[in-house]
Amino acid sequence: MLQPGSALRLARVRARKHFTDPTSRRGLLVAFEGPDGSGKTTQRKLFKTWLKSEGYDVVTTKWNSSELIKPIIKSRKAVRALSPEEFSLLHGADFRHRVEQIILPALWAGKLVIADRFLFTGLARDVARGLDLDWVLKLYQPLLWPDLVFYFAVSPITSGKRVTATRTPNFYEAGQDVTHVEDPVESYQHFIARVIREYESLALIFNFITVDAEQSIGEQHHQIRQLFLEGQRRPWSEWNADAVAEWLCRNGKAR
Amino acid sequence: MTRPKPRLIAVEGVDGASVIAAARRAVEAPPRGGISHWDASGVFQDLVVAEEAAGKPSPRTLLLLYAADLAFRLRWEIRPALAEGRTVVAAPYVETAIAFGRAAGVPAGWLINLFRFAPRAAERRFATMPLRRSMSHVDGFVGFVCARMEGGTEGRTSHRVIKAANALLRRSASRDMKSRQPRQPKRRG
């Protein structure tokens, strides 16, 4: 288990070689980010269908969906027992488990991974809950950067209208744990404005591709196809070497 | 009569039974306090019932869960007791988790950041084991996670991690002991 520096160095070299091999189609990671009600899931489904028709082997992973951690989070959310720190740490654990069990194995096998929400969701929501960005970002280390991040931008009003049109937002979705506003719809409006503010800062810092999610579904889909075709030729991010190397070492694939 | 000062005492060690025994001794001394055990939130208990298909968690995942559990303990057990002026014994606290993480190859910087939210204990006690003792059957947090983590089912891996974590804790204990010893005045030649 103890990983000497030489094993990690070897694993980094192996990762670089694997992901920059010009003779094979490398794995790609595409993240869909944005507030609730921005239409990410609809676009993700359309994008997946199109990618499959283009011959890509596609794997989808959703936020808070690991079989190991999801039940733990679900039961605690049901009794409203989570503090912002616990909320953040449990979602971080769920993310880490999916990175190791789903995302990295699929990327290594040359597949295209679509992440319906990525670590930026954790950052935006946790900082909106008052946690320190630096602390939260480091929880997600070693960082795995997507090849492309599509950010679906909507105003807080549009998000609120779309979400509340069919249902009442739940306690944590509405941020009632931090706004202490009794009405979930009113609380959602306050909380989502904070989340969107954080997303907008992250979009600038991490160079997201912003999609105007107030456009029609068809317009957005065509824009995403175009942006993907331009963006998929980006070189492999050297920043990902640590995350891949650690995973290789744990799985005995360092050499 | 002056009111005793509330204190947080951390009892660290890889062997659960030794940690509990040391924690009990610590709370029996006046002023009597309470013990905050690991997994008060039940997250690790919930891991036990997870399906095999869910996959084995890595040390980082397990440490994130331990930190979530510690945040729960701080909120519901440790901070309220300190606010009431009582002594609390955290068994274990931060150092054991850090030792496990280091032994499992997790970088120290990540571990230090992870537990940044936890206040420093007023006193640390160590329930470590002799280096030569067999550690194949330790219980408590370290034994639990070593048995469940990726690669932990290979007896040698978990045995090595437990041994390394124990050695790290022994080193911390000896550093603490040295820092408590009064300094000898320097002799003039």
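The values are calculated or read from the model by the stated rules, or taken from the named source; none is laboratory data. Given the structure is predicted, the values throughout are model-derived calculations rather than measurements. Virtual Cβ from ideal backbone geometry, glycine too; neighbours counted across all protein chains shown.
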**Request:** Report the residue count in the range B:169-183 for those that are part of a loop (DSSP other than H, G, I, E, B) and not polar (S, T, N, Q).
**Result:** 2
**Members of the range B:95-118 that are more than 9 Å from chain A (Cβ to nearest Cβ) and surrounded by 24 or more Cβ atoms within 10 Å (Cβ to Cβ)** = B:96, B:97, B:99, B:100, B:101
**Request:** Identify, by number, the condition in (1) over 24 Å from residue B:137 (Cα atoms); (2) over 16 Å from the mean Cα position of the chain (by Cα); (3) buried (at least 16 other Cβ atoms within 10 Å of the Cβ); (4) without any contact (Cβ under 8 Å) to a residue 60 or more places away in the chain that residue B:79 doesn't meet.
**Result:** (3)
**Message:** Kindly evaluate residue B:70 against the criterion of being surrounded by 23 or more Cβ atoms within 10 Å (Cβ to Cβ), closer than 18 Å to residue A:82 by Cβ and modelled with pLDDT of 95 or more.
**Reply:** yes
**Request:** Mind counting the residues in the range B:99-119 that are touching a residue at least 24 places away in the same chain (Cβ under 8 Å) and of a type outside the set (Phe, Trp, Tyr)?
**Result:** 11
**Asked** Can you name the helices (runs of 4 or more DSSP H) wholly within the range A:168-255 that have at least 3 residues being more than 29 Å from residue B:59 (Cβ to Cβ) and of a type in the set (D, E, K, R)?
**Response** A:184-205, A:217-231
**Request:** Report the residue count in the range B:12-69 for those that are of a type in the set (S, T, N, Q) and within 17 Å of residue A:95 (Cβ to Cβ).
**Result:** 2
**Message:** Of everything in the range A:57-72, what is buried (at least 17 other Cβ atoms within 10 Å of the Cβ) and either part of a strand (DSSP E or B) or away from every other protein chain (no Cβ under 13 Å) (or both)? Give them in sequence order.
**Reply:** A:58, A:59, A:60, A:61, A:63, A:64
**Those helices (runs of 4 or more DSSP H) lying entirely in the range B:14-74 with at least 1 residues away from chain A (no Cβ under 12 Å)** = B:16-28
**Request:** Name the single residue, out of those in the range A:139-181 being of a type in the set (Val, Ile, Thr) and within 24 Å of residue A:79 (Cα to Cα), that is surrounded by the most Cβ atoms within 10 Å (Cβ to Cβ).
**Result:** A:163
**Prompt:** Can you spot a residue in the range A:182-205 that is in the same structural domain as residue A:80 (by TED's automatic domain parsing), hydrophobic (A, V, I, L, M, F, W, C), surrounded by fewer than 19 Cβ atoms within 10 Å (Cβ to Cβ) and in contact with a helix residue (DSSP H, G or I) (Cβ under 6 Å, 6 or more places away or on another chain)?
**Reply:** yes
**Complete:** Selection from the range B:1-13 of residues at pLDDT 90 or above and part of a loop (DSSP other than H, G, I, E, B) yields B:7, B:13
**Request:** Identify, from the list B:26, B:68, the residue that is without any contact (Cβ under 8 Å) to a residue 60 or more places away in the chain and either at positive phi or hydrophobic (A, V, I, L, M, F, W, C) (or both).
**Result:** B:68
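Based on what the data block shows, is residue A:75 in the same structural domain as residue A:212 (by TED's automatic domain parsing) and either in contact with a Pro (Cβ under 9 Å, 6 or more places away or on another chain) or not in a helix (DSSP H, G or I) (or both)?
Judged against the criteria, residue A:75 is not a match.
Taking the range A:84-117, which residues are in contact (Cβ under 8 Å) with a residue 60 or more places away in the chain, closer than 23 Å to residue A:174 by Cα and either hydrophobic (A, V, I, L, M, F, W, C) or within 11 Å of chain B (Cβ to nearest Cβ) (or both)?
Hits for the range A:84-117 are A:84, A:87, A:115.
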**Message:** Name the single residue that is nearest to residue B:45 (Cα to Cα) among those in the range A:74-111 being surrounded by 23 or more Cβ atoms within 10 Å (Cβ to Cβ) and among the β-branched types (Val, Ile, Thr).
**Reply:** A:99
